[in-house]
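Colleague: Just passing along the structure, written as structure tokens.
The values are calculated or read from the model by the stated rules, or taken from the named source; none is laboratory data. It should be emphasised that the depicted structure is a prediction, and the values quoted were computed from it without experimental measurement. Heads up, the Cβs are rebuilt from the backbone with ideal geometry, glycines too, and the neighbour counts pull from every protein chain shown.
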Amino acid sequence: MSNNLLQGKTGVIFGALDEQSIAWKVAERCHEEGAKIVLSNAPVAMRFGKINELGEKISAPIISADATSMEDLDKLFTGATEHFGGKIDFVLHSIGMSLNVRKGKSYTDLNYDFMSKTFDISAMSFHRVMQTLWKQEAMNDWGSIAALTYIAAQRVFPDYSEMAESKALLESFARSFGYHFGTRNHVRVNTVSQSPTWTTAGSGVKGFKEFFDYADKMSPLGNASAEACADYCVFLFSDLSKMVTMQNLYHDGGFSNMGMNPAVLGL
Ligand SMILES: NC(=O)c1ccc[n+]([C@@H]2O[C@H](COP(=O)([O-])OP(=O)(O)OC[C@H]3O[C@@H](n4cnc5c(N)ncnc54)[C@H](O)[C@@H]3O)[C@@H](O)[C@H]2O)c1
């Protein structure tokens with residue numbers, strides 16, 4: 001159902017790999033609400049993912065960009081503003097990848113070259129995105145920038161490994177850049193801390209199924225789905241959230257404020 005919440009708005013969405021991706025659902029919902037979209041993902045995802053299908057479905061051009069490359073990001077936002085014939089109203093950063101997790105390294109035996117790459121892809125890329133937008137003056141006033149994160153930035157989830165620190169860094173970039181963007185352009189910057197969700201990135205974490213079920217039981221509302229996350233992002237990109245900035249916003253069915261739920265113990 002559409003309420004035209006994003007009618008006339010333009011947005012760049014990173015990270016739609018396949019129909020399970022959170023970014024995929026966000027792009028579909030934003031399109032439904034009337035936004036014009038440009039999609040982006042890493043060049044390798046163009047070959048292995050299904051982003052072209054999504055592009056056709058929502059009439060969105062796809063401009064590939066490795067989010068660790070300033071040159072790629074520069075070309076992406078130049079291309080996006082050319083396509084829109086004007087500036088950008090919202091941006092979603094939905095990018096995450098851990099090399100140490102992928103290579104099966106335990107937290108007490110991490111490879112630091114991998115770790116640097118993980119931080120660059122999963123966190124510094126968010127600063128790179130914002131710095132490029134800032135220098136190009138590509139954001140419309142009162143625009144909205146959001147990135148997806150996870151509560152492992154605040155609490156220990158051992159199998160999340162170095163992604164915990166990536167997310168802590170990502171959330172900090174949102175606060176710090178939020179100050180600058182807010183002061184200059186009234187642009188807001190937030191992170192959305194999402195429940196465990198069945199996606200390529202999510203299910204790469206060891207024991208994901210057990211953990212997904214645990215979080216689902218622990219949360220009074222159950223785990224928030226990717227579709228629900230898309231609704232929340234629409235709200236954040238709409239004019240209904242104009243004064244919300246520099247926040248880490250939990251979108252997790254209540255998980256973050258629970259201590260114990262008897263349902264977890266089967267009581
Ligand atoms: N799935 C979960 O349980 C969960 C929970 C909370 C937060 N998140 C976060 O949501 C975001 C999206 O993940 P998802 O679960 O939809 O999985 P996903 O695998 O569908 O998305 C991750 C995306 O990152 C992209 N990417 C990787 N390296 C890149 C690079 N160098 N440049 C540009 N893009 C690159 C991938 O191509 C992919 O599209 C991530 O930040 C993830 O950490 C996921």
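Colleague: Please enumerate the residues belonging to the range 28-51 that are within 11 Å of the ligand (Cβ to nearest atom) and under 25 Å from THR78 (Cβ atoms). Show your work before the answer.
Modeller: As a first pass, look at the range 28-51 and keep what is within 11 Å of the ligand (Cβ to nearest atom): 39-51.
Hits for the range 28-51 are LEU39, SER40, ASN41, ALA42, PRO43, VAL44, ALA45, MET46, ARG47, GLY49, ILE51.
Colleague: Related question: Starting from residues that are polar (S, T, N, Q) and part of a loop (DSSP other than H, G, I, E, B), keep the ones in the range 188-237 and report whichever is modelled with the lowest pLDDT. Even if it seems obvious, please write down each step before you answer.
Modeller: Residues of the range 188-237 that are polar (S, T, N, Q), as a first pass: 190-191, 193-195, 197, 199-200, 203, 219, 223, 225.
Next, from what is left, pick out any that are part of a loop (DSSP other than H, G, I, E, B): 195, 197, 199-200, 219, 223, 225.
Details: SER195: 98, THR197: 96, THR199: 87, THR200: 81, SER219: 98, ASN223: 98, SER225: 98.
If we take residues in the range 188-237 being polar (S, T, N, Q) and part of a loop (DSSP other than H, G, I, E, B), then THR200 is modelled with the lowest pLDDT.
Colleague: I need the full set of residues from the range 193-225 which are within 11 Å of the ligand (Cβ to nearest atom), among the aliphatic types (A, V, I, L, M) and either surrounded by fewer than 19 Cβ atoms within 10 Å (Cβ to Cβ) or free of Cβ contacts under 8 Å to residues at least 40 places away in the same chain (or both), in order please.
Modeller: ALA224, the sole residue that qualifies.
Colleague: Could you list, in sequence order, the residues of the range 28-56 that are part of a loop (DSSP other than H, G, I, E, B) and either of a type in the set (Lys, Arg) or buried (at least 18 other Cβ atoms within 10 Å of the Cβ) (or both)? Please lay out each step first, then the result.
Modeller: Filtering the range 28-56 for residues part of a loop (DSSP other than H, G, I, E, B) gives 33-35, 41-42, 49-50.
GLU33, ALA35, ASN41, ALA42, GLY49, LYS50, listed by residue number.
Colleague: Still on this structure: Just to be sure before I move on: is ASP239 exposed (fewer than 13 other Cβ atoms within 10 Å of the Cβ), in contact (Cβ under 8 Å) with a residue 60 or more places away in the chain and either of a type in the set (Phe, Trp, Tyr) or at negative phi (or both) in the structure I sent?
Modeller: Values: exposed (fewer than 13 other Cβ atoms within 10 Å of the Cβ): yes; in contact (Cβ under 8 Å) with a residue 60 or more places away in the chain: yes; either of a type in the set (Phe, Trp, Tyr) or at negative phi (or both): yes.
Yes, satisfied.
Colleague: Here's something else I'd like to know. Which condition from (1) assigned to a loop (DSSP other than H, G, I, E, B); (2) within 14 Å of the ligand (Cβ to nearest atom) is the one that VAL156 breaks?
Modeller: For VAL156, the exception is condition (2).
Colleague: With respect to MET258, determine if the residue is over 18 Å from the mean Cα position of the chain (by Cα) and surrounded by 16 or more Cβ atoms within 10 Å (Cβ to Cβ). So that I can check it myself, show each step before the final result.
Modeller: Working: over 18 Å from the mean Cα position of the chain (by Cα): yes; surrounded by 16 or more Cβ atoms within 10 Å (Cβ to Cβ): no.
No, not satisfied.
Colleague: Name the single residue that is modelled with the lowest pLDDT among those in the range 98-116 being assigned to a helix (DSSP H, G or I) and surrounded by 17 or more Cβ atoms within 10 Å (Cβ to Cβ).
Modeller: Taking the range 98-116 first, the residues assigned to a helix (DSSP H, G or I) are 99-102, 107-109, 112-116.
Next, only the ones that are surrounded by 17 or more Cβ atoms within 10 Å (Cβ to Cβ) stay: 99-101, 114-115.
Values: LEU99: 97, ASN100: 97, VAL101: 94, PHE114: 98, MET115: 98.
Once the filter is applied, the top-ranked residue is VAL101.
Colleague: Also, quick follow-up: Residues to consider are ILE95, ILE145; find the one that is assigned to a loop (DSSP other than H, G, I, E, B) and either within 14 Å of the ligand (Cβ to nearest atom) or touching a Lys or Arg at 6+ places or on another chain (Cβ under 8 Å) (or both).
Modeller: Selected residue: ILE95, the only one of ILE95, ILE145 that is assigned to a loop (DSSP other than H, G, I, E, B) and either within 14 Å of the ligand (Cβ to nearest atom) or touching a Lys or Arg at 6+ places or on another chain (Cβ under 8 Å) (or both).
Colleague: Has the range 7-15 got at least one residue that is near the ligand (Cβ under 8 Å from one of its atoms), closer than 30 Å to VAL205 by Cα and hydrophobic (A, V, I, L, M, F, W, C)?
Modeller: Initially, the range 7-15 is screened for residues near the ligand (Cβ under 8 Å from one of its atoms), giving 14-15.
Narrowing further to those that are closer than 30 Å to VAL205 by Cα: 14-15.
Applying the additional criterion that residues be hydrophobic (A, V, I, L, M, F, W, C) yields 14.
Taking every residue of the range 7-15 in turn, at least one turns out to be near the ligand (Cβ under 8 Å from one of its atoms), closer than 30 Å to VAL205 by Cα and hydrophobic (A, V, I, L, M, F, W, C).
The rows are residues; the columns are (1) surrounded by fewer than 21 Cβ atoms within 10 Å (Cβ to Cβ); (2) of a type in the set (Gly, Ala, Ser); (3) in contact with a strand residue (DSSP E or B) (Cβ under 8 Å, 6 or more places away or on another chain); (4) within 23 Å of GLY49 (Cα to Cα).
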residue: ALA80; (1), (2), (3), (4): no, yes, yes, yes
residue: SER94; (1), (2), (3), (4): no, yes, yes, yes
residue: VAL156; (1), (2), (3), (4): yes, no, no, no
residue: SER172; (1), (2), (3), (4): yes, yes, no, no
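Colleague: If you don't mind, there's one more thing I want to ask. Would you pick out the residues in the range 169-192 that are within 25 Å of ASN111 (Cβ to Cβ) and touching a residue at least 24 places away in the same chain (Cβ under 8 Å)? Please lay out each step first, then the result.
Modeller: Just the residues of the range 169-192 that are within 25 Å of ASN111 (Cβ to Cβ), to begin with: 169-173.
Scanning the range 169-192 gives LEU169, LEU170, GLU171, PHE173.
Colleague: Next question, about the same structure. For the range 57-92, give me the residue count where each residue is more than 9 Å from the ligand (Cβ to nearest atom), more than 21 Å from GLU28 (Cβ to Cβ) and not in a helix (DSSP H, G or I).
Modeller: Looking only at that region, the number is 3.
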